[in-house]
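The numbers here are math on the coordinates, done by the rules we state, and not lab data. Everything numeric in this text was worked out from a predicted model, so none of it was measured. Every residue, glycine among them, receives a Cβ derived from its backbone with ideal geometry; neighbour counts consider all protein chains shown.
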């Protein structure tokens, strides 16, 4: 039995041209390398090479789950609506939830996540604190009806996900499993060969209070993150913001005419000061419909989620509503606002004593307005979206910025689902308590795309050996030749015998076609077998990632691979091990 | 790192009582053994033990697919309706197809099978006869909106399926892959430890002309099959019927009064002859709406599908329609029927010269009616559903009957989908031709249920070692004891080290609880470690399937397993190898 991939029979229809609708490198290259095909908007088929990579990633994830004692199960994709009514998410989830009715008009959804169903699974059966903690996981297609699916596997409607759920009697026990999971996620990111950061994140629709996202760093990432060398990192949507406003020193308050100035940028330019020396005002209604005016450094943006949390709800006023409250758009400031308004300022503004702000008078601003003298506020809060240059909340140094692809996320759910769905256990003291829960997800198909985003060049994909469709591709320059073809076959068979995953390009194509496809598909190592080399007893070994090439004697190549392969089995990263062949 | 299953932390909530709604042994025992749980009508979760078995079956299927060169892919579960409109199945499939609309009101279905989507996948990309044949497969959840889901995994709405599709330039090439697939399916059935038969079948909604079903023999099976020692076997819905009517010898035709006789059974009883000596008449309309009367042996049932094929359509007349045509229900026969009627008789009736039939006169029948003298017919055909006792079409010997669970099916599709969807390739002669296609399915989750139907007793499941959740369960009779617990742990670790899959029942429960659960869960081998045995240097080994028990010295047990495990690696069936430990 052979486990050699033969390019002559492999279904990998490579494309010479870039597909027109593929914006991202991962999308473009996975299509071009014949690894995926689009079957509909946000719906993809994984062809044999893509499937091999997907299986490898999935296996790595499963191994790390098994290693921390999580137990594999599989729950239905088709979830009864009843359970979602119990949790309240049937209404709350919105149009991204794909809903379906059966022939008896019973409602179901296609699971985007499985908190409801797993809570229903264990309630009445997981009864005692003695059986806790328990962690269960599954790997399964998930569904999200994206309004505009795009970026290939990055934002598709059907995607492969590993989701895990844990049940606990105490917060300490949850924290322990949460930490185990976080470490396992870190190992998964490492084993996928990803450059990554664990960032503070926001719980979103899942509802966790404590949560970390595992971000693969990539310019194409949809998420914006900040980090410092202290190890701190955060999603800009979630991170604490410590802005650094620049004080514009003046002696007293002065109202100045600012004709034609409506925005912060115009104000900064008019006064020839940095935007960080100005204060932006935003008006809205709080959770009870009362007027609230928020003040933030001029060079920052409001994080509405933070405002909502601070004020128990927050919606920006429309122009008409502003007029109704007597507010002047483009000239709002703390001096002389309606008495009923609640004034909250970003904490970073504590650092400056005199503000450059609107004068609540069209065409005028104040310079040098002083808190406690010229105006009062009702409170301080963290209101801004963090951005590069802000202070790291751990070390104080300026934060750096990067973009990331969210590959994994861990959540401490608490009792949100167990309370809503009446899932309780009997604790040591005999009392019934709701389970304390955690949930943990890895986007398996998205991870595949993330690897490509990080591991590619202008010629194609350059897979890390841990997830490559095979480790080595043997490329005979000709197949009709009496010596080259058989020598390549012999070498491929010897390597396969060692347990190395081998492909052989036994097609009757020109060498150029084979080289291009090998670079496009991204086998970590290419071994080129040619007539001239064979006469000298050598083959050429090319390391895809570095492009390095080296002539290696046929007699030593198997030995080199034996060594590398043994190293891999002993825990050396395959990338390092196979790269060593070139040294 | 340990791969030992610890019962103390395993999520396997076993049940003492039989669940009320579980009719079949597989349904009842999989629930009781804590392997599956119902989440909705026809929707199941596989718990950790069930998941392990499901993965093992799935791996066996994949290995056999890989071995014959089929390439693994994964296609979307969510299939665009457009493709189903192209094939014509969007309308034809009926209410079993689960349909869903997205937020933009585009229609999709949840795939029950993937002929449309795979044909769309390869069209325009698989272009040349040189790239053929090609076989692709996937393992994935499939959907069928059963009107009444029941029998647990046997007839569920979401089920795991391996489906494969092949593309060919010639019928010979299709036949070759079809044969390879059939052989692979046979090996799969063998490796699952199933008693099975490959039977002639009907193509149903998939639309194949040549097709074989792989049936696991089980009384609980929904399919009825016939077979003979010649190797012939058929689904009774599809098999050729060669009935054996018994001639009732009389000299001439006689019309006899049969008061109160309306059915074949009543007629046979009245005349004191076997039902096989009577001839049953059935009236209907053929494909063009004309009257047709069919004659079959009295002890057989009409196979309506055969009638439809023979007559280009066939629907039985209602009582009113019969009256309209002047037909007498309960007394129909070939003598004196309306001239316009088309008379077709089952071929087996060629074997008798004088018929016992209705006289087309209420309360009267003919005995001894003679073809060619008393009446004529328009033709002969195969019309009956085959039943045990009929002649084997290969050997002529009487067929035996059995019930079966359809675990797999292979189809020769021909060009049905490629023609409808315009999927063509360029043949050697430069002409465009539609692909000749095959498709092949294994019900993975149903196979799991089939194994349980065959492998269980009153105490629970008795898994074949090839698919068991683990090979061995080590059962320490006490865990608090200074010697028993540690000895059991040491033994489990030693076996695990060998690569044997080991569970250990390290719960603090009574021995009786452990024994019951071990028998219920069905580990192939139990090793019972007790204080008294240890003092004599022995443990008790129990073979679940046979119930045999034997004391084995602790010093030799690991050696025995080493031997058995090596045998398994060398291809000996695990069942045989592990059973050998008891010898």
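Here are the numbers for this structure:
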{"quantity": "Separation of alpha-carbon centers, the range A:344-398 and the range B:211-258, rounded to whole Å", "calculated": "91 Å"}
{"quantity": "Between the range B:260-301 and the range B:106-141, the alpha-carbon center distance in angstrom", "calculated": "47 Å"}
{"quantity": "In degrees, nearest ten, helix A:444-454 long axis to first principal axis of chain A (Cα)", "calculated": "90 degrees"}
{"quantity": "Kirkwood-type radius of the protein assembly as shown, with distances r between different C-alpha atoms, in Å", "calculated": "34.9 Å"}
{"quantity": "Fraction of beta bridges assigned by DSSP in the range B:470-582 that are antiparallel (%, nearest 5)", "calculated": "55 percent"}
{"quantity": "Chain B: angle of helix B:511-521 to the longest principal axis, Cα-based, in degrees nearest 10", "calculated": "40 degrees"}
{"quantity": "Binned Cα-Cα distance frequencies in the range B:470-582 - 5 Å width, integer %", "calculated": "2, 13, 24, 27, 20, 9, 3, 1, 0"}
{"quantity": "Relative frequency of Cα-Cα separations exceeding 24 Å in the range A:254-381, percent", "calculated": "21 percent"}
{"quantity": "Distance from the range B:38-74 to the range A:80-95 (C-alpha centre basis), Å", "calculated": "30 Å"}
{"quantity": "Contact order relative to length of the range A:470-582, as percent, for alpha carbon pairs under 8 angstrom and 6 or more apart", "calculated": "25 percent"}
{"quantity": "DSSP-defined beta bridges in the protein assembly as shown - what % are antiparallel, rounded to 5", "calculated": "80 percent"}
{"quantity": "Relative contact order (%) - criterion: Cα under 8 Å, at least six apart; region: chain A", "calculated": "16 percent"}
{"quantity": "Computed helical MRE - 222 nm, the protein assembly as shown, DSSP H runs ≥ 4 contributing -39500 (n - 2.57), nearest 500", "calculated": "-8000 deg cm²/dmol"}
{"quantity": "All-pairs Cα distance distribution in chain B, expressed in whole percent, bin size 20 Å", "calculated": "18, 39, 31, 11, 1"}
{"quantity": "Calculated diffusion of the range A:11-51, Stokes-Einstein form, Kirkwood radius summed over Cα pairs, 37 °C and 0.692 mPa s, µm²/s", "calculated": "324 µm²/s"}
{"quantity": "Where the Cα pairs of the range A:63-189 fall when distances are cut into 5 Å bins, in %", "calculated": "2, 9, 17, 18, 19, 16, 11, 5, 2, 0"}
{"quantity": "Sites residue A:508 and residue A:563 - FRET efficiency at Förster radius 30 Å, r taken between beta-carbons, to 0.05", "calculated": "0.35"}
{"quantity": "Calculated FRET efficiency for the pair residue B:59/residue B:483, C-beta based, R₀ 45 Å, to 0.05", "calculated": "0.75"}
{"quantity": "Hull shadow area, averaged, the range A:216-311 [alpha-carbon convex hull, nm²]", "calculated": "9.7 nm²"}
{"quantity": "Equivalent ellipsoid dimensions for the range A:145-254 as semi-axes, Å, which come from the Cα gyration tensor, largest first", "calculated": "33, 22, 16"}
{"quantity": "Relative contact order (%) - the range A:254-381, alpha-carbon pairs under 8 angstrom, separation at least six", "calculated": "29 percent"}
{"quantity": "Additional length obtainable on full extension of the chain from residue A:130 to residue A:96, 0.36 nm per residue less Cα span", "calculated": "8.4 nm"}
{"quantity": "Principal-axis tilt of helix A:554-569 within chain A, Cα atoms, nearest 10 degrees", "calculated": "40 degrees"}
{"quantity": "FRET E, pair residue B:428, residue A:67, Förster distance 51 Å, beta-carbon r, rounded to 0.05", "calculated": "0.45"}
